[in-house]
Amino acid sequence: MKLLYASVLVLVGSCSTLRHSDKIENLKNSILYNDEVIVNQYLSTITEEELKLHVREVSDDKYEGRMTGEAGHNEVCDYLRSYYKEQNIKAPKSHPDYYQIVPKDVLPENVNTSQNVIAYIEGSQFPEEYVYISAHSDHEGIIDGQIYNGADDNGSGTAAVLEMAEAFKQAAIDGNGPKRSIVFLHVTAEEIGLHGSRYYTNNPIFPIENTVSTLNIDMIGRVDEPHKNNEDYIYLIGTDRISTELHFIAQKANSTFTNLELDFTFNAEKDVNRYYYRSDHYNFAEKGVPVIFFFNGEHEDYTQPTDTAEKINYPLLSKRTKLIFATAWYLANSPNKLKAEII
């Protein structure tokens, strides 16, 4: 009897493993871009030249390093707001000036009141479901008389959000607008403790429970030391922490459109760098929202005054931005809402 019982357990275990593998395979096979030609049409509007214009602008010396609550960062926020107005991309009805004020009392001592910048394109079929594309707009200001321009950190992410917003808006003009609403969120106070995104997730303009996913961008314009000989890569962090489906969507977007090396090194639970906890996606993840953090890794100019616009790899920035756009496109246009579950 003992032998028979053991055999039954082995059989059950084998079937269980098979069922799980089948479920994974079925999930992978269900992720399809039936509108590949249309997606490529809007990917082509994301250009190196326009990305360069935005990076150069937000990392210019005149903004004095974009320190949270200081005049330079406020002026960059106005640049972002003006851009959305120019593109005729709407502000939330509750915040018609595009600003969500982040009050002084939730920020560290001696930091002035600041603001998140929020614009969105309303979904045509599921307007009450939201896909976020986020990046922080602040940097470190002036330290010991030197301007910390933050071209990669996070001028690159800021530029990417603007370019994707323009592409999605053009799609909407052409009658190919997203089925779900897309929120373009530029958060403040990341460098001093993720305060802008924490304030937003605690005081959301659009319901957190209706948030499909947050794609967060923080440094995607440079190459780190481990990839010096293969610059066509991007680190993805958090993809499978809350949603297995999201993990495979990002991979499908890449294999269909960009063919970058997707490096999941920093996605490991025991990553000593703890990057999963160190950028603005984390405050969404804490609320149960599936997230991806897109990141190029640290380089010799990370948090240095030498992080300047001429050092950005613009062809690579464009390619990475296209990957994020394609991922967001799928999330916004899939017939079924992303499932926040681990298989």
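Every number here is computed from the coordinates shown, using simple stated rules; none is lab data. This one's a predicted model, so the numbers in the text were calculated from it and none came from an experiment. Note: ideal-geometry Cβ built from the backbone for every residue, glycine included; neighbour counts use all protein chains shown.
Relative contact order for the stretch 224-307: 42 percent, from Cα pairs under 8 Å spaced at least 6 residues apart, divided by residue count. For the chain, the longest principal axis of the alpha carbon atoms and the long axis of helix 71-86 meet at an angle near 70°. Simple rule: put +1 on each Lys or Arg Cβ and -1 on each Asp or Glu Cβ in the stretch 160-319, find the dipole, and look at T188, T308, T214; the Cα lying farthest toward the positive end is T214. Take 85-94, 158-167 and order them by the average number of nearby Cβ atoms within 10 Å per residue, most first; the result is 158-167, 85-94.
Taking the 0 to 90 degree range and rounding to the nearest ten, how far is the long axis of helix 244-253 tilted relative to the main principal axis of the chain, both from C-alpha atoms? Roughly 70 degrees, rounded to the nearest 10.
Think of the chain as having a plus end and a minus end, set by charges on the Cβ of Lys, Arg, Asp and Glu; of H247, S279, F266, H247 sits farthest toward the positive end of this dipole. Among G145, G157, G196, the largest mean-square fluctuation in a Gaussian network model of the chain (Cα springs under 10 Å) belongs to G145. Structural descriptor for the chain: relative contact order 22 percent, calculated from alpha carbon pairs under 8 angstrom and at least 6 residues apart. Distant-in-sequence amide contacts of F295, defined by a placed amide H-H separation under 5 Å and a gap of 5 or more residues or a different chain, comprise Y235.
Among 148-154, 235-241, the peptide with the highest mean count of other Cβ atoms within 10 Å heads the list, and the full ranking is 148-154, 235-241. Taking the Cα centre of the chain as origin and assigning +1 to Lys and Arg Cβ atoms and -1 to Asp and Glu Cβ atoms, the resulting dipole is close to 1580 debye.
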